[in-house]
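Just below is one structure, and these are the notes that go with it.
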Amino acid sequence: MAAGPTAARLLGIQGLPKDDGTLHLAAPPGHEIRSRPGIRVHRTTISPTTRMTLRGIPLTTPVRTCADLLLHLPRMEAVSVLDSALHQGLLTDLDLLSIPPLLSGRPGAPRARTWLPLANPQSESPLETRVRLICLDGGLPPPVLQWRIQDPAQGCSYRIDLAWPAHLVGIEADGKAPHSTPQALYQDRSRQNRLATLLPALTLLRFTWPDTHHPPSILIPLRQALRIP
């Protein structure tokens, strides 16, 4: 049965570390299948309520998959996985309450439980999750996610990934794929120009993946914009 990172990828959950090609399987103690190069077998009991079939492939359910991943991933990746599963509707807030019992008694459980309250279904990408956690770790007020700015003249609205509306400060988390095409670059410029017309006092900062590897590159300009020492 597919489990862990393999199950997560089959389910379409984002935020995992780079795939090294290892197939992760779950099997009960005593099962004949063994780990070998390219296959890692996790000895565990999977109850009928935490298993499913997807396109003919047996795998752990989203709840069990996320519970297992929380025990093995670093914090950034773990919260990114939860955010992705929630945003896609693979998990609900109620499902989050069923994760702690699945962690009970397992190595890493106390640490993993502290990460559950950080999950947010409004986070639309692992990059947004990372930027949000960096802001929280830096002692900044929690941002509003997907702040919507109405444009009555154009009959539409614009969303800003993370924002502090009272300060008129926002962040755009620019992932490589969605923003790298010429059409996307044109749309980004047009959108930013329109936002400048709607909210002249708005400070809109843009960050990319490399920025998340050096948190001060996010926190320093953001603190200046928010006027927080």
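Bear in mind that the values in this text are calculations on the coordinates, not laboratory data. Since the structure is predicted, the reported quantities are computational estimates derived from the model, not experimental observations. Please note: Cβ atoms are built from the backbone with ideal geometry, for glycine as well, and neighbour counts cover all protein chains shown.
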To the nearest 0.05, the calculated FRET efficiency linking Ser217 and Asp188 through their beta-carbon distance, R0 being 25 Å, is 0.80
What is the distance in Å between the Cα centres of region 75-141 and region 35-70?
19 Å
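With a sphere of radius 15 Å drawn around the Cβ of Pro141, what net charge do the other residues whose Cβ falls strictly inside it have (Lys, Arg +1; Asp, Glu -1)?
My count for the surroundings of Pro141 gives +2.
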Test item: Cα-centred dipole of region 4-118, Lys/Arg +1 and Asp/Glu -1 on Cβ, debye:
340 debye
Taking the simple approach of a point 7 Å from Cα along Cα-to-Cβ for both Thr53 and Arg227, what is their distance in nm?
6.3 nm
Output ³J(HN,Hα) for region 38-46: one whole-Hz value per residue in order, computed from phi by the Karplus curve 6.51 cos²θ - 1.76 cosθ + 1.60 with θ = phi - 60°, and x for Gly and Pro.
x, 10, 10, 9, 9, 7, 7, 9, 10
If you count the DSSP beta bridges with both ends in region 4-118, what percent of them are antiparallel, to the nearest 5?
50 percent
Modelling each spin label as a point 7 Å along the Cα-to-Cβ direction, I'd like the Ser157/Asn120 distance in nm, to one decimal.
1.7 nm
Only one of the listed values, (i) 49, 45, 36; (ii) 66, 38, 33; (iii) 53, 43, 31, was derived from the coordinates as Cα extents along the principal axes in Å; which label is it?
(ii)
May I ask you to derive the FRET efficiency for Leu71 and Thr208 from their Cβ-Cβ distance with R0 = 22 Å, giving the value to the nearest 0.05?
0.15
Charge dipole magnitude, Cβ of K and R +1, D and E -1 - the chain, Cα centre, debye nearest 20:
360 debye
DSSP beta bridge pairing in the chain, given as percent antiparallel to the nearest 5:
60 percent
When the chain is treated as a GNM, springs tying every alpha-carbon pair under 10 Å, which of Ala109, Ala27, Ala153 comes out with the largest mean-square fluctuation?
Ala153
Once R0 is set to 30 Å, what does the formula 1/(1 + (r/R0)^6) return for the Cβ-Cβ distance between Arg106 and Arg34, expressed as a FRET efficiency to the nearest 0.05?
0.85
